[in-house]
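J.: Below are the structure tokens for one structure; questions will follow.
The values are calculated or read from the model by the stated rules, or taken from the named source; none is laboratory data. The model shown is predicted, which means the values in this text are computed figures rather than measured ones. Cβ sites come from the backbone with ideal geometry, for glycine too, and all protein chains shown count toward neighbours.
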Amino acid sequence: MARGLDPVQALTLLRGDWHTGYDPHEHRIAPLCTPLATQLPHAVGLAHAARLKGDDVVALAMVGDGGTSEGDFHEALNFAAVWQAPVVFLVQNNGFAISVPLAKQTAAPSLAHKAVGYGMPGRLVDGNDAPAMHDVLTEAVRRAREGGGPTLVEAVTYRLEAHTNADDATRYRADDEVETWRAHDPIALLERELADRDLLTDDFVATTRESAEHLAADLRDRMNATPPLDPMDLFDHVFTRQTSQLRAQAAQLRAELDAGAEGHTEHAADAAAPAQEARP
Ligand SMILES: Cc1ncc(C[n+]2csc(CCOP(=O)(O)OP(=O)(O)O)c2C)c(N)n1
């Protein structure tokens, strides 16, 4: 969104569409992908290639605390350091990978410590402190741009809500822990800090709140509108030339969809029949 992307475009994949919703080249944002941490080796390859071509690029690769347990995390950081690729790895450590707390994810003193083993600087920062985040990331980007190689940044924060609406977070963490972190909400902290420095007017706060509510309401409305999806699209862009297995699977789905559509018509007819009979 900071690069002018429509939030509905950014969320297209999560509505079940087969494409990422925006042009990665136009916005210089890689396509979203569901498998955890695969974006990290992609970022290293992209940054390394850009440097070889003399393109002034620094890749920012983001991952969660849980994602740092994936093999891709290790491979990406290792190669980034060996090649001195211009990449900044930003780990959003929000304490949980769905229900798994960080203590079950790693025995390292911090995730930032892992940088030492790869041979790159590691930075541990309060992820709820916006100016601190800005400082640390600006320094990491500058180092990468000047040829100083990658940096691993661990931003410590907390996931206030459940992982998804299918997750009941009360089963694995205490309410008072959540409330303690709620008091450190990064937006409230930034607002207080700016107000303390007389950099914030009531007018600006009111206008910003109003436009944020408007943006959220508009996003909800547009996300709730049923997207024009055809499940058969699923098979179109997997291979340049479709395999026989995919053709068979496509035919099977087509048959199931057609049978389902007929089933719906029959149900609709069943439902309509008694009403017709009851008519005088
Ligand atoms: C390779 C892989 N394994 C499992 C999953 C299922 N999964 C989706 S999100 C998630 C937890 C991610 O936790 P974390 O990396 O800490 O990120 P967070 O969502 O907390 O920001 C898991 C296990 C997945 N998407 N990909």
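J.: In the range 48-69, what residues are without any contact (Cβ under 8 Å) to a residue 40 or more places away in the chain, within 15 Å of residue 114 (Cβ to Cβ) and under 16 Å from the mean Cα position of the chain (by Cα)?
T.: Within the range 48-69, 61, 63, 64, 66, 67 qualify.
J.: Let me spell it out: the conditions are (1) closer than 26 Å to residue 117 by Cβ; (2) under 16 Å from the mean Cα position of the chain (by Cα); (3) aromatic (Phe, Trp, Tyr), and residue 79 meets all of them except one. Which number is the exception?
T.: (2)
J.: Taking the range 130-179 as the region of interest, how many residues are more than 30 Å from residue 41 (Cβ to Cβ) and part of a loop (DSSP other than H, G, I, E, B)?
T.: Qualifying residue count, the range 130-179: 6.
J.: Can you tell me which residue within the range 79-89, out of those that are closer than 24 Å to residue 135 by Cβ and outside any strand (DSSP E or B), is nearest to the ligand (Cβ to nearest atom)?
T.: 80
J.: Quick check on the range 19-42. Is at least one of its residues in contact with a strand residue (DSSP E or B) (Cβ under 6 Å, 6 or more places away or on another chain), modelled with pLDDT of 95 or more and among the hydrophobic types (A, V, I, L, M, F, W, C)?
T.: Within the range 19-42 (the criterion being in contact with a strand residue (DSSP E or B) (Cβ under 6 Å, 6 or more places away or on another chain), modelled with pLDDT of 95 or more and among the hydrophobic types (A, V, I, L, M, F, W, C)), the answer is yes, since at least one residue qualifies.
J.: Oh, and also: Based on what the data block shows, is residue 95 touching a Phe, Trp or Tyr at 6+ places or on another chain (Cβ under 8 Å), at pLDDT 95 or above and within 16 Å of the ligand (Cβ to nearest atom)?
T.: Yes.
J.: Right, residue 157: under 21 Å from the mean Cα position of the chain (by Cα) and at pLDDT 95 or above or not?
T.: Here the answer is yes, as residue 157 does meet what is asked.
J.: A follow-up question, please. Working only within the range 105-126, note down all residues that are away from the ligand (no atom under 16 Å from the Cβ), surrounded by fewer than 21 Cβ atoms within 10 Å (Cβ to Cβ) and not in a strand (DSSP E or B).
T.: 107, 109, 113, 116, 117, 118, 119, 121
Conditions tested, residue by residue: (1) crowded, with 20+ Cβ neighbours inside 10 Å; (2) part of a loop (DSSP other than H, G, I, E, B); (3) away from the ligand (no atom under 16 Å from the Cβ); (4) of a type in the set (Asp, Glu).
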{"site": "47", "(1), (2), (3), (4)": "yes, no, yes, no"}
{"site": "62", "(1), (2), (3), (4)": "no, no, no, no"}
{"site": "74", "(1), (2), (3), (4)": "no, no, no, no"}
{"site": "77", "(1), (2), (3), (4)": "yes, no, no, no"}
{"site": "91", "(1), (2), (3), (4)": "yes, no, no, no"}
{"site": "103", "(1), (2), (3), (4)": "no, no, no, no"}
